[in-house]
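Each remark here refers to the structure printed beneath this line.
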Amino acid sequence: NVFGAATQGKNVEKKTVAETFLAGHGSPFVAQVSIANAPKLYRSILDGIEYRGTAFLQCFTSCQPEHGVADDMSLTQAQRVRDSRGAPEFVFNPRLGETYHEALDLKGNPSIDMDWYETKFKPSNEPYRYTVAHWCASEARFRNHLKKIKAEDAAKLIPLENMLVRITQQDVVYRRCLQRDHRSYVPDFGVFIKVQGGNGALEYRALSRQLVLFCVERRKAWRLLQSKAGIENREYKAQRSVLADVDAGKITKDELFARAEELLKERLKGSAPAPHKPVEPKPRPATIPPTVSAVPPPASQADHEQAAVTN
């Protein structure tokens, strides 16, 4: 949340200690948990104490005055940062096996196989995807990164969901997101989200470029966790497919800008696994009646005697 005249913040990926310890640090017990899931929090503490080796627990909690949230909002904010992928919940327990698939547990995060958690606005029942930008909108410390705008002004900006289809973390690393002629260009305060205001009404917020890039970075971090846990994210594959066609000239930038979300959904439908069809048992062969022999049965002794008398 560093914001000033010279810069809006760092352009490097977030260095989360718990996520870092998952790679190349021997076999520590690692948990990133919070009061958002109290049973898992206490279970992780006990498992860490019992673990024969190094144990590291990273627990999120809000600092009410510094974060700009009410005194009774610790639980709510912990749930929001978890659900937004800002600080996803996970436990890495090497006692469960020697592969990431066995040792890494992501249970507790909503929509575990998707990029973002889909929920609904209460007053209108309108669905939306809860990103890290939505969590930031709930804490005053990020106020410089969000500007309240009117609906008519939002109509001139880019929806965040549309922008997130256009851009990857590599576009950020190579600063393509700053090139006006590139598909991933992020205009400063040119992207918007909807949020639910204090009175329940829907409001609009324009996002700083830095906040959009934060969404991209947290999405990549979440995708890495998914892959380590053996979870296939079809949204990632669909996005790669769409952008490959854009970069190859098969899809124009104008079409991407106008239909990014639709293009992604179309690819998702195309990549959906075929529904499982149970194998129908083969019909049992019909019982074949015994073949009637064309050769008459041998005549009995009485038949021979009767034939002799007749002759």
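Summary of computed values
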read-out: Residue that is nearest to ALA78 (Cα to Cα), among those in region 122-181 that are hydroxyl-bearing (Ser, Thr, Tyr) and surrounded by fewer than 17 Cβ atoms within 10 Å (Cβ to Cβ); value: SER124
read-out: Members of region 166-202 that are closer than 16 Å to GLU126 by Cβ and out of contact with any Leu (no Cβ under 6 Å at 6 or more places or on another chain); value: VAL195, GLN196, GLY197, GLY200, ALA201, LEU202
read-out: From ASP153, ASP115, residue being in contact (Cβ under 8 Å) with a residue 12 or more places away in the chain and either under 16 Å from ARG218 (Cα atoms) or in contact with an Asp or Glu (Cβ under 9 Å, 6 or more places away or on another chain) (or both); value: ASP115
read-out: Residues satisfying the stated conditions in region 211-253, i.e. among the β-branched types (Val, Ile, Thr), touching a residue at least 24 places away in the same chain (Cβ under 8 Å) and not in a helix (DSSP H, G or I); value: ILE231
read-out: Residue check for ALA87: part of a helix (DSSP H, G or I), small (Gly, Ala, Ser) and in contact with a helix residue (DSSP H, G or I) (Cβ under 6 Å, 6 or more places away or on another chain); value: no
read-out: Among the candidates LEU41, LEU96, residue that is among the aliphatic types (A, V, I, L, M), surrounded by fewer than 17 Cβ atoms within 10 Å (Cβ to Cβ) and either touching a Gly at 6+ places or on another chain (Cβ under 7 Å) or farther than 28 Å from VAL172 by Cβ (or both); value: LEU96
read-out: Counted residues, region 30-59 - those being under 23 Å from the mean Cα position of the chain (by Cα), part of a helix (DSSP H, G or I) and of a type in the set (Val, Ile, Thr); value: 1
read-out: Residue under evaluation ARG85, criteria (1) farther than 21 Å from TYR130 by Cα; (2) surrounded by 13 or more Cβ atoms within 10 Å (Cβ to Cβ), criterion not met; value: (1)
read-out: Every residue from region 182-205 that is modelled with pLDDT of 95 or more, of a type in the set (A, V, I, L, M, F, W, C) and part of a loop (DSSP other than H, G, I, E, B); value: VAL186, PHE189
read-out: Residues of region 60-79 classified as at pLDDT below 95, in contact with a strand residue (DSSP E or B) (Cβ under 8 Å, 6 or more places away or on another chain) and not in a loop (DSSP other than H, G, I, E, B), total; value: 1
read-out: Tally, over region 33-50, of residues that are hydrophobic (A, V, I, L, M, F, W, C) and touching a residue at least 24 places away in the same chain (Cβ under 8 Å); value: 3
read-out: Matching residues in region 93-106 - criterion: being free of Cβ contacts under 8 Å to residues at least 12 places away in the same chain and either assigned to a loop (DSSP other than H, G, I, E, B) or within 19 Å of ARG129 (Cα to Cα) (or both); value: GLY97, GLU98, THR99
read-out: Total residues in region 10-19, condition farther than 18 Å from VAL81 by Cβ and either assigned to a helix (DSSP H, G or I) or not basic (Lys, Arg) (or both); value: 2
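The values are calculated or read from the model by the stated rules, or taken from the named source; none is laboratory data. Since this is a predicted model, take the numbers as computed values, not measurements. Reconstructed Cβ throughout: ideal geometry from the backbone, glycine too, with neighbour counts over all protein chains shown.
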